[in-house]
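Student: I'd like to ask some things about the structure below.
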Amino acid sequence: MKIRELIKTFQPYKVLEGDYKIWLDKNENPFDLPPEIKEEIFEELRKTPFNRYPHITSMPLREAIAEFYGVSPKNVAVGNGGDELLSYLIKLFDGDYIVTTPPTFAMYYFYAKLNGIPVVEVPLNERFIMNGDEIAEKSQKASIVFITSPNNPTGNTQPREEILKVLDTGAPVVIDEAYAEFSEKSYIDLLDEYENLIILRTFSKAFSLAGVRAGYLLASEEIVDALYRIKSPFSLNVLTMITAKVMLNHYDLVMERVNYIIKERERIYQEFKEYAYPSEANFLLMKLDAYEFLLERGIVVRKLDGRLQGHIRVTIGKKEENDELIKVLKEFVENVA
Ligand code: PMP
């Protein structure tokens, strides 16, 4: 037996575990589903046979998402989290490499490395804005381009004119909109015009379903058809499909909570304007080397490295959690920073 050398270069995905009181590290929604919505889900589950395989291409959930957006189910693919969809997208198209725009989400790199696909980086500028011209130039030989808007971990969206420059090359472009519900901006409208556009979304953030694992993408029929040629059959289980479907019917509640989180985000931003970057997501990037200081006081945030060394990414929590965060961070700013 011999484990491949490539595999030995990977470290298992690590997150901090332990007995901390406030968790603001994974961009989760601080609100679980209310008991009456859980009951509604349980009611659906009671009627569902568990001994049978789910629909082979997850049609019930694809249909519900298609109806939600007014598109055809043939334009919708669903995955076990957005991450699963990324793992397929990276393999669908011909080309020499993928293009990313660091600092950005780590999973594009993970899947590229795993599949032996080179990564060409076109870094975001000092305000974390993409360089559309340079990405367009690199797109000629790219299999796929990843643009994240709002971007993780910086929180900003990307300008339409820069995105159009890339889309106009005809190269496959993923706009990863995992956090779009927390922003005024989405590029879903461009799907009508661009067959090469893929919009990636997730139920993990605005919809409070990180534990359920459901993501989706909207794209041309040709792309969705190609993806289902290589996707593992039955990969979305009935529990996930039913839960995500029920939550689509509670969009009012989802948006009520999104608005709460946006208000809290702006409150924290105002307190730390000097250190925080404007955000259109459910987190804030801050130029404060406060990871250990916060951890020692029971608050877990995300520590960043590389170009963002000395920065933290803070997920917006419930009001009480944010109050505690503000209190402890002020202490840090006054005594340490
Ligand atoms: N894209 C971005 C930018 C993200 O931050 C995340 C979640 N961390 C995802 C995609 C995927 O989320 P999930 O697999 O939970 O759907």
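The values are calculated or read from the model by the stated rules, or taken from the named source; none is laboratory data. Because the structure is a prediction, the values reported are computed rather than measured. Using ideal geometry, Cβ is built from the backbone for each residue, glycine included, and neighbour counts are taken over all protein chains shown.
Student: Within segment 168-184, is even one residue surrounded by 22 or more Cβ atoms within 10 Å (Cβ to Cβ), within 16 Å of the ligand (Cβ to nearest atom), of a type in the set (A, V, I, L, M, F, W, C) and more than 27 Å from Y269 (Cα to Cα)?
Tutor: Yes, there is a match, as at least one residue in segment 168-184 is surrounded by 22 or more Cβ atoms within 10 Å (Cβ to Cβ), within 16 Å of the ligand (Cβ to nearest atom), of a type in the set (A, V, I, L, M, F, W, C) and more than 27 Å from Y269 (Cα to Cα).
Student: Can you tell me which residue is surrounded by the most Cβ atoms within 10 Å (Cβ to Cβ) among those in segment 208-224 that are near the ligand (Cβ under 10 Å from one of its atoms) and not in a strand (DSSP E or B)?
Tutor: A214
Student: Look through L86, L92 and report the one residue that is under 17 Å from the mean Cα position of the chain (by Cα), in the same structural domain as D189 (by TED's automatic domain parsing) and either within 16 Å of the ligand (Cβ to nearest atom) or surrounded by 11 or more Cβ atoms within 10 Å (Cβ to Cβ) (or both). Spell out how you get there, then give the answer.
Tutor: Values: L92 fails: under 17 Å from the mean Cα position of the chain (by Cα).
Within the list L86, L92, the selection yields L86.
Student: In this structure, does F42 turn out to be over 30 Å from H311 (Cβ atoms) and free of Cβ contacts under 8 Å to residues at least 60 places away in the same chain? So that I can check it myself, show each step before the final result.
Tutor: On the way: over 30 Å from H311 (Cβ atoms): yes; free of Cβ contacts under 8 Å to residues at least 60 places away in the same chain: yes.
For F42, the condition - over 30 Å from H311 (Cβ atoms) and free of Cβ contacts under 8 Å to residues at least 60 places away in the same chain - is met.
Student: Same structure, new question: Could you check segment 225-337 for helices (runs of 4 or more DSSP H) lying wholly inside it with 3 or more residues that are in contact (Cβ under 8 Å) with a residue 60 or more places away in the chain?
Tutor: Numbers: elements: 238-248, 251-271, 291-296, 319-335.
Counting at least 3 such residues, we get 238-248, 251-271, 319-335.
Student: Spot the failing condition for Q11; the list is (1) within 23 Å of Y111 (Cα to Cα); (2) in the same structural domain as R201 (by TED's automatic domain parsing), and only one is missed.
Tutor: (2)
Student: Ok, one more. Would you please name the residue that is surrounded by the most Cβ atoms within 10 Å (Cβ to Cβ), looking only at residues in segment 95-111 that are within 12 Å of the ligand (Cβ to nearest atom) and not aromatic (F, W, Y)?
Tutor: The selected residue is T101.
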